[in-house]
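Notes follow once the structure below has been shown.
The values are calculated or read from the model by the stated rules, or taken from the named source; none is laboratory data. All values reported here derive from a predicted model rather than from experimental measurement. Every residue, glycine among them, receives a Cβ derived from its backbone with ideal geometry; neighbour counts consider all protein chains shown.
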Amino acid sequence: MALSGEHGHTFDQIVITPKEILQGISTLGLLEWSKVSGGRNPQGRLQVPYAAWRYHDRTEEKRDIIVAICSSSPKNVDWTFDTSRKNWLICPTRLIAEQQDSGMRFSEAAATIEASDQSFCMAAHADMANIVQDISDAGALP
């Protein structure tokens, strides 16, 4: 099933991989730590895309760039953008809500969504691809 997004793509054409997510966020600086999800699981299902990371050199400028991009990028699902802690996070808000409501670990909540709602995962992949592209574009500016 193909769903249409705001950018005219069908969601099933957009699969963002963990490598692509890391490449995008690393355009703003050297990563000290990261945990990302994307692509497909071994059963072929789309995984819920998210990124948690820490720059070696965290600056207000980088934080402001991320916040501006995350608040202005068109979205098909609701997202949480948290730069208030040591590790920064971009993930679908639904993932946090389901994790908190169920008491499951983050990865377990993601696996539950992946097993039950591939349409949501398709929409989230389309969004994450746009967000990562915008971060990559900002990092490429002089």
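Hey, can you tell me all the residues within the stretch 24-39 that are exposed (fewer than 13 other Cβ atoms within 10 Å of the Cβ) and under 15 Å from Ile135 (Cβ atoms)? Please lay out each step first, then the result.
Within the stretch 24-39, the subset exposed (fewer than 13 other Cβ atoms within 10 Å of the Cβ) is 30, 33.
The one that is exposed (fewer than 13 other Cβ atoms within 10 Å of the Cβ) and under 15 Å from Ile135 (Cβ atoms): Leu30.
Selection of the stretch 78-90 for residues being touching a helix residue (DSSP H, G or I) at 6+ places or on another chain (Cβ under 8 Å) and either within 15 Å of Ala51 (Cβ to Cβ) or at pLDDT 95 or above (or both) yields Trp79, Thr80, Phe81, Thr83, Trp88, Ile90. Residues in the stretch 68-84 that are surrounded by 13 or more Cβ atoms within 10 Å (Cβ to Cβ) and either among the hydrophobic types (A, V, I, L, M, F, W, C) or closer than 21 Å to Ile16 by Cα (or both): Ile69, Cys70, Ser73, Lys75, Asn76, Val77, Trp79, Thr80, Phe81, Asp82.
Taking the criterion of being surrounded by fewer than 17 Cβ atoms within 10 Å (Cβ to Cβ) and not charged (D, E, K, R), the residues of the stretch 40-58 that qualify are Asn41, Pro42, Gln43, Gly44, His56. Considering the stretch 91-142, the residues that are surrounded by fewer than 16 Cβ atoms within 10 Å (Cβ to Cβ) and within 23 Å of Leu31 (Cα to Cα) include one that is farthest from the chain's Cα centre (by Cα), namely Pro142. Considering (1) closer than 13 Å to Asn130 by Cα; (2) touching a strand residue (DSSP E or B) at 6+ places or on another chain (Cβ under 8 Å), the lone condition that Ser73 does not fulfil carries the number (2).
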